[in-house]
Amino acid sequence: MDRGAGIGEMTMTTRKVAFITGASRGIGAETAIELAAAGYDLGLTARTLSEGEAHEHGSWQSNTTPLPGSLESTSQAARGKGAEVLLFRSDILEPDTVLEAAAKTLGHFGRVDLLFNNACYQGMGNMQRLLDVTPEQLRNIYQGNVLTPLALVQKL
């Protein structure tokens, strides 16, 4: 975890605050950088904290090849735009990790003005024919794409 002030210490800021899931690469990372440039401080979550980490992202078959991007690289770019940034490793299949990150962001900044539920389930079952999807894969799809994002909306 990377943070400016200690968690539990509230930072009074006139800047708006955004909380973004899936901010290690792609749309989540680019949105974080643009919001930083627009004057937002950020609470960022993703599975990938540091470059080169391997996480499951296969759709038809298992694939854990490291993908480019990380929370640390997103944070560096956002800080370059003037944002204060909190980083939290979380996994949408483990909703408590996401909700804890949201709570710590609220505790630090005192509010969240914008929630971007960008993270989505990446794994087996996403591209299979419906009749080939296993109950476990279906649980993962719904947990990551419906239940965790809903819990986060209710929290913030």
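The values are calculated or read from the model by the stated rules, or taken from the named source; none is laboratory data. Because the structure is predicted, anything quoted here is derived from the model rather than measured. Every residue, glycine as well, gets a Cβ built from its backbone with ideal geometry; the counts of neighbours run over all protein chains shown. SASA here: full protein model, heavy atoms, side chains in, ligands and nucleic acids out. Shrake-Rupley method; radii C 1.70, N 1.55, O 1.52, S 1.80 Å.
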All positions within the stretch 102-147 that are among the small types (Gly, Ala, Ser) and either over 17 Å from Thr21 (Cβ atoms) or open to solvent by 30 Å² or more (accessible area, probe 1.4 Å) (or both): Ala103, Gly107, Gly110, Gly125
Just for the stretch 1-40: of the residues that are at pLDDT below 90 and open to solvent by less than 40 Å² (accessible area, probe 1.4 Å), which one is nearest to Ser75 (Cα to Cα)? Ala5
Sole exception among (1) in contact with a Cys (Cβ under 6 Å, 6 or more places away or on another chain); (2) at pLDDT 95 or above for Leu99, by number: (1)
Pairs, first among the β-branched types (Val, Ile, Thr) in the stretch 69-87, second open to solvent by 50 Å² or more (accessible area, probe 1.4 Å), C-beta under 9 Å, six or more apart: Thr74/Arg25; Thr74/Glu30; Val85/Asp2; Val85/Arg3; Val85/Gly4; Val85/Gln76; Val85/Arg79
For Gly123, are the conditions met, namely being under 25 Å from Glu34 (Cβ atoms) and modelled with pLDDT under 95? no
Go through the residues of the stretch 60-80 one by one and say whether even a single one is under 16 Å from Gly144 (Cβ atoms) and modelled with pLDDT under 95. no
